[in-house]
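Please read the structure below before turning to the comments.
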Amino acid sequence: MKGFGLLIAATLLLAPIAAQAQVLLDQPTTSTTARETMEIGTSTSEIAITSDFTGADLTIFGALSNTDQLLLAIGQYDIVVVLEGPRENATVRKKQRVFGIWVNTRSMTFEHVPQAYSLSSTRAVDNITAPLELSDRGIGVDHIPLTPVGFVGNVGDVPEFRQAFRRLQASGGLYESDPAGVRFVSSSLFKATLRIPADVPNGVHTVRAYLFKSGKFIGEKALPLRVIKTGIEQMITDAAHQQPIAYGVFSVLLALATGWGASFMFRKN
């Protein structure tokens with residue numbers, strides 16, 4: 001009987017402790033690991049195009065937060081920075097020799113492609129993540145989606161026209177890649193340099209920065225960049241788009257006047 005009483009007393013003493021333990025177990029657990037974040041800024045928000053513009057370099061600064069210092073030290077964080085130009089449809093034409101004359105025989109139009117594309121990264125993008133991830137996000141010159149519009153013909157011609165488009169854009173300096181253009185200047189700060197070509201199209205461009213950890217996509221940030229023409233270049237552009245007929249007539253008259261003036265000045269007496 002005495003032993004039974006001791007058992008009841010022990011049970012009553014341990015009951016509050018068990019209840020407290022149950023309350024602690026029922027409380028939701030919170031993870032102490034925060035997700036990595038990234039912030040970026042550009043050296044300028046506007047590029048002015050003048051008559052003597054030969055290209056420029058755009059500098060992007062960025063900062064990472066909540067990174068794993070060990071993974072950062074061994075190079076497991078990668079950053080890709082891209083400058084995308086305004087998007088519009090682009091047509092590629094193939095010329096062939098017909099009866100001794102080069103003529104356009106076939107063409108293909110790709111929908112909504114960037115007019116200019118400059119990329120910098122911590123290393124080659126194909127070594128950062130899987131090709132499927134790059135294609136899904138359109139990262140890299142070889143992974144920009146090129147979708148034909150209203151194409152009727154042999155489907156086997158599509159890869160040929162895609163390669164031709166990329167080759168023409170690259171040869172014109174509009175599509176560029178620098179696999180070593182992004183570097184860390186401290187444990188959490190990085191710097192990237194993007195090349196703006198001399199023939200950069202007018203309009204609103206977009207700066208995008210992508211963050212990867214051990215090959216996995218973490219997040220991205222985007223900022224706008226305005227490219228505008230100034231001076232006589234802007235006047236000519238506005239006239240060509242707003243008053244195309246008057247612009248065409250003036251161009252023809254100017255060409256005639258220039259030709260007549262040159263013949264008058266250099267004619268033989």
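The values are calculated or read from the model by the stated rules, or taken from the named source; none is laboratory data. Predicted model, so just to flag it, every value in this text is computed and none were measured. Cβ coordinates were reconstructed from backbone atoms using ideal geometry, including for glycine residues, and neighbour counts include every protein chain displayed. What goes into the accessible areas is simple: the full protein's heavy atoms, side chains included, and nothing from ligands, DNA or RNA. Shrake-Rupley method; radii C 1.70, N 1.55, O 1.52, S 1.80 Å.
For the pair Ala124 and Ala246, what calculated FRET efficiency results from E = 1/(1 + (r/R0)^6), where r is the Cβ-Cβ distance and R0 = 41 Å, to the nearest 0.05?
0.25
If you count only protein heavy atoms with a 1.4 Å probe, what accessible area per residue comes out for the range 37-230, rounded to a whole Å²? Walk me through the numbers on the way to the answer.
Values: 10080 Å² over 194 residues.
Accessible area per residue, the range 37-230: 52 Å².
Taking 0.36 nm per residue of sequence separation and subtracting the Cα-Cα distance, how much length would be gained by fully extending the chain between Leu168 and Glu111, in nm to one decimal?
Taking Leu168 through Glu111 to full extension adds about 18.9 nm, to one decimal.
If amide hydrogens are placed 1.01 Å from N in the peptide plane, which non-local residues have theirs closer than 5 Å to the one on Val113?
Amide H to amide H, under 5 Å and 5 or more residues apart or across chains, Val113 pairs with Glu88, Asn89, Ala90.
Would you work out what percent of the accessible area of the range 37-90, with all protein chains in place, is carbon or sulfur (probe 1.4 Å)?
Whole-percent figure for carbon plus sulfur exposure: 47.
DSSP loop (so not H, G, I, E, B), at most 15 other Cβ within 10 Å: list which trypsin sites (Lys or Arg not before Pro) in the range 120-188 pass both filters. Walk me through the numbers on the way to the answer.
On the way: sites: Arg123, Arg137, Arg162, Arg166, Arg167, Arg183; in loops: Arg123.
Answer in residue order: Arg123.
Among the chymotrypsin sites (Phe, Trp or Tyr not before Pro) in the range 33-90, which ones are in a DSSP loop with at most 15 other Cβ atoms within 10 Å of the Cβ? Mind listing them?
Details: sites: Phe53, Phe61, Tyr77; in loops: Phe53.
Here no loop site has a sparse enough neighbourhood.
How much of the pair distance distribution for the range 37-230 lies past 23 Å, counting alpha-carbon pairs only, in percent?
It works out to 49 percent of all Cα pairs.
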